[in-house]
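Colleague: Starting off with a structure, shown below.
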Amino acid sequence: MTDLQYIQIGTKEAQRASLGVLVGSTITYAVMYSPQPLISLYSKEYHIPPATASLSISLTSVALAVSLLFITMFAGGFDRKRFMSVSLLLTSGMTVAAAFLQNFSAFLVVRLLEGISIAGFPSIAMAYLNEEFSPRDIGRVIGYYVAGTATGGLIGRLIIGILTEHTNWHIAFGIQGAVSLAGAVWFWRFLPDSRNFKKQCISISNWLASVKKTLCNLHLWPMYIAAFLLMGGYTAVLDYIGYPLMHAPYNLSQTAFGFLFVVNLCGIFSSVLFGQMADRYSRRNVLALAIGVFIAGVLLTLYPNLVVKIAGVALVSFGFMAGHSVASGWTGLLAEHSCKGQAASFYLLFYYIGASLVGWSGGFFLDRSGWQGLCGYITLLLLAAFCAACRPWRWIHRANGSAFHRHA
């Protein structure tokens, strides 16, 4: 399309856009994961079982996943930048409000609403980047977005825990909310305006037509399956690695185990690196390499030496973020221009459903076969992700032509 005006890499506008999505994704995922290190504290403070306390995370994830189904029905009628800005402002404001709540049920209601407001950023951010940057540069800028998700996850888990230890969780949430609000205001002021977005009428019929068009694009399904399996495997490792590490012979304390999440920093580096590699080399090969690193990390966690186990978790983070960066950028390229937002939403829907279902089912393998059984399960899932995304089925090409190959 010759009438598109892409943001050029190396310009101040490109720097503002890259930094903007980095800030936005950091805010989003810091808020989303911040209660995770406080689950045991909630159990003690409110005299509730761990399953109830963990709703502070799972309710937000479920609300986010469900909202992604419908968010593009409304997003098509609003400017991309404005929609993302409102999402960040609402999310930050509710984080501040949560700091003043003494009742845990009320806190869970706010967390549920945060999941809905959070959904307004990630799918639209991916669509914004795919619309405003040239396809030859999309891997790099998607890498900055994914780096923000890793940064946010680390900040949300680590910083909130440290602040809570020195004050209390209410003050910690208040500080996080205030900083997030400042970041959201900066985002609104400095992110470049959407230039290639074409406003659409808000209607159920148009939304259903867009959903149908996206689901019928068979080239996108390998990316959805990869998102489901990659995020599911990553979640299962982080959910259950505490079981071997916090028992004999390692007996790590809760604080020491919490610092294990610092390995997410590896994902910040790999998401940008592999995003740039995807712009230069075959996306199929780059994704295959990322999955290979992921599998190597899983297998290293089987080794009894503690340092090697931690190195394995670091490789898991490295490989997952690298694979997610490549697959999410590839999704935007495979989607038709009018359906990029919808395609991004479905990618993230499968992404978060994978986190829920695979993370949950991994517990059965851990119970029955120990850590070895869980690692075997995750390895099989990653091999399936490799087959889905890196060796796409021949019937896709017979049905839909060679679009997959043009961007592979």
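Colleague: Report the full-extension gain for the segment L383 to T167: residue separation times 0.36 nm, less the Cα-Cα distance, to one decimal in nm.
Modeller: Answer, rounded to one decimal: 73.2 nm.
Colleague: Give the ranking of E45, E131 by solvent-accessible surface, highest area first, calculated with a 1.4 Å probe.
Modeller: Sorted descending by solvent-accessible area, the residues read E45, E131.
Colleague: Sequence-distant or interchain residues sharing an amide H contact under 5 Å with I7, placed H: which?
Modeller: Those lying under 5 Å, H to H, from I7 are F133, S134.
Colleague: From the Cα gyration tensor of the chain, with a ≥ b ≥ c the square roots of its eigenvalues, which class applies: rounded if a/c is under 1.5, or else prolate if a/b is larger than b/c, or else oblate?
Modeller: Since a/c reaches 1.5 but b/c is at least a/b, the shape of the chain is classed as oblate.
Colleague: I've got another one for you. Please give the net charge around V286, taking every other residue with its beta carbon less than 14 angstrom from that of V286, where Lys and Arg add +1 and Asp and Glu add -1.
Modeller: +3
Colleague: Now a separate question. Based on the alpha-carbon gyration tensor of the stretch 83-206 and its eigenvalue square roots a ≥ b ≥ c, which shape applies: rounded if a/c is under 1.5, prolate if not and a/b is larger than b/c, or oblate?
Modeller: Judged from the Cα gyration tensor, the stretch 83-206 comes out prolate (a/c at least 1.5, a/b above b/c).
Colleague: Give me the accessible area per residue for the chain, probe 1.4 Å, as a whole number in Å².
Modeller: On a per-residue basis, 41 Å².
Colleague: Just the number, please: carbon plus sulfur as a percent of the accessible area of the stretch 181-326, 1.4 Å probe, no ligands or DNA/RNA counted.
Modeller: For the stretch 181-326, the apolar C and S fraction of the accessible surface comes to 69 percent.
Colleague: Quick one: which residues, 5 or more positions from M246 or on another chain, have an amide H under 5 Å from its amide H? H modelled 1.01 Å from N in the peptide plane, none for Pro or chain starts.
Modeller: Hits under the 5 Å cutoff: L252.
Colleague: Ok, one more. Averaging sequence separations of C-alpha pairs under 8 Å and six or more residues apart, then dividing by the length of the chain, give the relative contact order as a whole percent.
Modeller: In percent, rounded to a whole number, it is 24.
Colleague: Using only Cα atoms, what is the ratio of the radius of gyration of the stretch 1-145 to 2.2 N^0.38 Å?
Modeller: Compared with the compact-globule rule of thumb, the stretch 1-145 sits at 1.21.
Colleague: Which order do you get for H47, H324 if you rank them by accessible area with a 1.4 Å probe, largest at the top?
Modeller: Result, largest first: H47, H324.
Colleague: Return the sequence-ordered ³J(HN,Hα) values of the stretch 311-323 in whole Hz as given by the Karplus equation 6.51 cos²θ - 1.76 cosθ + 1.60 applied to θ = phi - 60°, using x for Gly and Pro.
Modeller: 4, x, 5, 4, 5, 4, 5, 4, x, 5, 5, 5, x
Colleague: Can I ask one more? Output wanted: per-residue J couplings in Hz (rounded whole) for the stretch 236-249, from phi through Karplus 6.51 cos²θ - 1.76 cosθ + 1.60, θ = phi - 60°, x for Gly and Pro.
Modeller: With coefficients 6.51, -1.76 and 1.60, one gets 4, 4, 6, 5, 10, 5, x, 4, x, 6, 9, 10, 4, x Hz.
Colleague: How big is the accessible area of D279 in square angstrom, nearest 10, if you roll a 1.4 angstrom probe over the protein chains?
Modeller: Approximately 50 Å² for this residue.
The values are calculated or read from the model by the stated rules, or taken from the named source; none is laboratory data. Since the structure is predicted, the reported quantities are computational estimates derived from the model, not experimental observations. Note: ideal-geometry Cβ built from the backbone for every residue, glycine included; neighbour counts use all protein chains shown. Surface accessibility is based on the protein's heavy atoms, side chains included, excluding ligands, DNA and RNA. Shrake-Rupley method; radii C 1.70, N 1.55, O 1.52, S 1.80 Å.
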